[in-house]
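As structure tokens, the structure follows; a few thoughts come after it.
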Amino acid sequence: MLCSPARSVFIICLLGSRLTSSVNQFVDAATGGRHTSPRRTRLTPRIVKREGCVPSPVQMPTVSVVVPTYNRARMLHRSVESVLAQTFEDFELIVVDDGSTDHTRNVTNSYDDDRLTYIRHETNRGASAARNTGIEHASGEYIAFLDSDDEWLPRKLERQVATLERRPPEWVAVYCGVEIADDAGVLTEFARAAGLCRLAETEGAEGGAELVKDVLLDRLHTSAGSTLLVKANVVDAIDGFDDSFQRFQDPEFLIRVLRQGKLAYVDETLVHRYDTGRPPASIIERSDRKYLAKFSDTVDALEHDGHDVRGVHHRFLAKFYFQDGQFREALRHTRRASVPGVRQFPGLLQAVVSGVTPSSP
């Protein structure tokens, strides 16, 4: 859908009129929205290392790496090779093929490495279900996740395992710095240097349940699907991922992890994340409603204390609809959105421009 220059100016002015100081008060998030899916049975028993024990040839790995994939044969090698190149070598790599129709199996078969296991779903069941299959086959003390279009830097596992092993037992998970890359591998350093990238504002937070507030307010972005390393017993305790979610499965999972213990951060870029597209805004909106409903008690408590959680979600839904050129829906969400902060405003303007500009043939 195209838009006249006059209407474009009106939309930009409408957004500009909502620009005020952002909310900066903080409160502890209330509990709520607990996960209720059936507990899964682990297929591989986990062996826990004990100090003073002599390692045996059958000892399980320290880290289980789970990579879900679907029709990404063209880029899967990038993720797999980044795991196999880790300086921390005590891991197993579990690639779960979620019913791909391309040559994904051939890609994994091309690697002669005993640490790699390939598992296939006969039908496409979604990324969360694929991660849960990997979790069920995992045997490590820690479980790390990597999306099949992203890649790790060589010291990622080394730095994260060392961080958790130095912390007290209540620290149960760790994430790390991320750089955004395009298909040519060019990192978006300029946006970060200019302070306009949302990761620049939110990266580095550590803590426990108090961080749930920041996740729901869309101001803590951990890129959990590719950065997170979690103690396996915590993953077991929360029954893995909620496979009913098409979107927001990563923050939904992270919120439940934060209610089990504390999240640490490695202040180092250890992941390159690639933008390979997203579903239509309408699908994102349906998933967002489900996400907020699951944690409705917490959302209500935050809003009672002055945090406009739902308004924040209307704001980023408006941005997605603007990008898709669906201006009527975008304006519907804009009218109910919270005011954008300085960091969010350039992204909203860019979304309007991208929605107005015709796509290249």
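Values in this text are rule-based calculations from the coordinates and carry no lab data. Note that the coordinates shown come from a computational prediction; the quantities given were computed from them, not determined experimentally. Note: ideal-geometry Cβ built from the backbone for every residue, glycine included; neighbour counts use all protein chains shown.
Structure above, values below:
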| quantity | calculated |
| --- | --- |
| Förster-model FRET efficiency, 41 Å R0, His77 and Glu303, C-beta, rounded to 0.05 | 0.35 |
| Proximal lysines to Lys262, defined as alpha-carbon separation beneath 24 angstrom and excluding residues fewer than eight positions away on the same chain | Lys49, Lys156, Lys213, Lys231, Lys294 |
| Cα-projected label distance for Ser110 with Arg166, points at 7 Å along beta-carbon direction, nm | 3.8 |
| Full-extension gain in nm, Glu268 to Glu206, via 0.36 nm per residue minus C-alpha separation | 20.9 nm |
| Nearest-0.05 FRET efficiency for Ala293 and Arg335, computed from C-beta distance (R0 25 Å) | 0.70 |
| The stretch 63-274: antiparallel DSSP beta bridges as a percent of all, rounded to 5 | 25 |
| Unit charges at the beta carbon, dipole of the stretch 63-274: most positive-side option, Leu217, Ala232, Ser100 | Leu217 |
